[in-house]
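Notes for the one structure printed next.
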Amino acid sequence: IANTIFLQELIYLLDKSDKYDSRDVERLQQDDKWVENYLIWRHDVIDDTLKMIDESFQWRKEYTVNDLTESVLPKWLFENGTLFLHGYDKEGYKLFWFRVKHHTRDPKQQLEKKKLVAFWLEHYAKRDHGKPLTVIFDMSETGISHIDLDFVRFIVNCFTDYYPNFLTKIVIFEMPWIMNAAFKIVKGWLGPEAISMLKFTNKSDVQEYISGEYLPPHMGGTDSFKYSYPPLVDDDFQTPLCENGPITSEDEHESKEEIDAEAKETGELNEEHSLNQKKMNSIEQISKSEESDKTESKPKNAKKALTTFKGPLLHISPAEELYFGSKETGEKKCLIVLTNVTKNIVAFKVRTTAPEKYRVKPSNSSCEPGMSLDIIVSLHGGFAASLQDRFLIMAAEMDQPSGAGVPELTQFWKEVPRTKVMEHRLRCHVVESSKPSSLTLKENAFNTPAKTNEDLHIQLTRLLQINKRLQEQIDRCLWFQQLSVVLSLLSVTVVAFCFYLAYTQRS
């Protein structure tokens, strides 16, 4: 009976379509979990649940929550680093950070800052289907100038009034004594249950709730993550949905167009190789010598030359950066070497902030115990690498005795606990000049030495042209120098002659 009454009242409420965003109404009618969360948060009290739905839906329409994207918010909000999602607490809940020291009270900016809170909460809610969050108020290095009760109240209200069953706890780190009075006011906004979620901590006890791997050094942890814009790649959360699009692993199944394009490119390269071979008959010995050198610089020796990150599951080379060339240098392929240092099979996947620019092969696979595996990261199309591009390598041990296919790996990543996943991030570095082959795999490393000879010939021609221009400039300088000397001598001679004439006239 209670369910029937609730449904009738809910249908009547949702008929007021002009008060709400139609997308929210449609979602509530289709998403039983969302309805359940409202009921749970209001302890199955029908009137309270309906009131919360009404208030939250009106708020969502007022703040245009469904249309909040990075493009409609000022860029400086994201660059500021006051709010962001990163890491997990000990119960596996995502951490929502509020770095209070970066916040300044400004009534003119308050609405935009509140919309940023709504942006992050809505973004995460849609990605993780309402899985609860743990909020961290990091109050280290803060003072009275950072107190903004209106903004704090808004954050609290988002969880108590607008996002049902979305809060697990509020961890307050190193609250200055001067703010005790302010937080007594905050407690007044919370009900008894919400007050029980408040956890006042300092460096000595914060790890009761969050392990050191997700705490920065100033909180006694070991997490080297530093917020930047766009943010470094994080596990399942992603940077604001910017031009690069959401973080996704590249689909292992290529489209027909991609396959045809690659086949065409390969055919062109083979044709070019055939022509180059005919042109290079006169220098065949040099080609063989260079081919030998190229063989030595291929992936096998590249592994020894690269810096290495030594993780608990995988050793990853390079340790920090992938080197790509500029458009002029044409260096578009890089190598990542993974070495399994465990006694079990390790599944891994590679994600990037710019999936439209890079092709990663393989991007989702597994590595046998004690074995090494090469991952080729290549730019495709007319794209160029950017310093803002990031890569994330995720790895986890598998229990099964043999490797798995794509369906098994997909299911594995859905079920593996986040606490058992190793993560490592790589930045992109763009160089103007060629890097050693141990850092960058040029396109010709995958093709033929004949192309290398042609490239060297072009570079040599350019150097000769530059040398010729320098020689001409030197010749001009020498000519001007000689002219200056002659003019100086003439000047001295004229002056001496004038003195001579003056002296003879006096005599």
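Details
- When the test is whether a residue is outside any loop (DSSP other than H, G, I, E, B), surrounded by fewer than 19 Cβ atoms within 10 Å (Cβ to Cβ), of a type in the set (Val, Ile, Thr) and at pLDDT 85 or above, Ile376 passes it.
- Test: Leu85 is among the aliphatic types (A, V, I, L, M), outside the structural domain of Arg23 (by the TED database) and at pLDDT 90 or above: no
- Residue count for the stretch 133-162 under the criterion of being open to solvent by less than 30 Å² (accessible area, probe 1.4 Å), of a type outside the set (Phe, Trp, Tyr) and more than 19 Å from Asn202 (Cα to Cα): the result is 7.
- If only residues of the stretch 21-49 that are exposed (fewer than 13 other Cβ atoms within 10 Å of the Cβ) and polar (S, T, N, Q) are counted, the one that is farthest from Pro164 (Cα to Cα) is Ser22.
- Meets criteria (open to solvent by 10 Å² or more (accessible area, probe 1.4 Å), under 27 Å from the mean Cα position of the chain (by Cα), among the aliphatic types (A, V, I, L, M) and at pLDDT below 90) for Ala354: no
- Count of the stretch 212-247 residues, restricted to those that are modelled with pLDDT of 90 or more and either aliphatic (A, V, I, L, M) or in a loop (DSSP other than H, G, I, E, B) (or both), is 5.
- Among the residues of the stretch 327-373, the ones that are touching a strand residue (DSSP E or B) at 6+ places or on another chain (Cβ under 8 Å) and assigned to a loop (DSSP other than H, G, I, E, B) come to 16 in all.
- Subset of the stretch 90-124 that is modelled with pLDDT under 85 and surrounded by 18 or more Cβ atoms within 10 Å (Cβ to Cβ) - its residue that is nearest to Trp76 (Cα to Cα): His123
The values are calculated or read from the model by the stated rules, or taken from the named source; none is laboratory data. For clarity, every value in this text was computed on a predicted model and none was experimentally measured. Glycine also receives a Cβ, built like all others from the backbone with ideal geometry; neighbour counts cover every protein chain displayed. All accessible areas refer to the heavy atoms of the entire protein, side chains included, with ligands and DNA or RNA removed. Shrake-Rupley method; radii C 1.70, N 1.55, O 1.52, S 1.80 Å.
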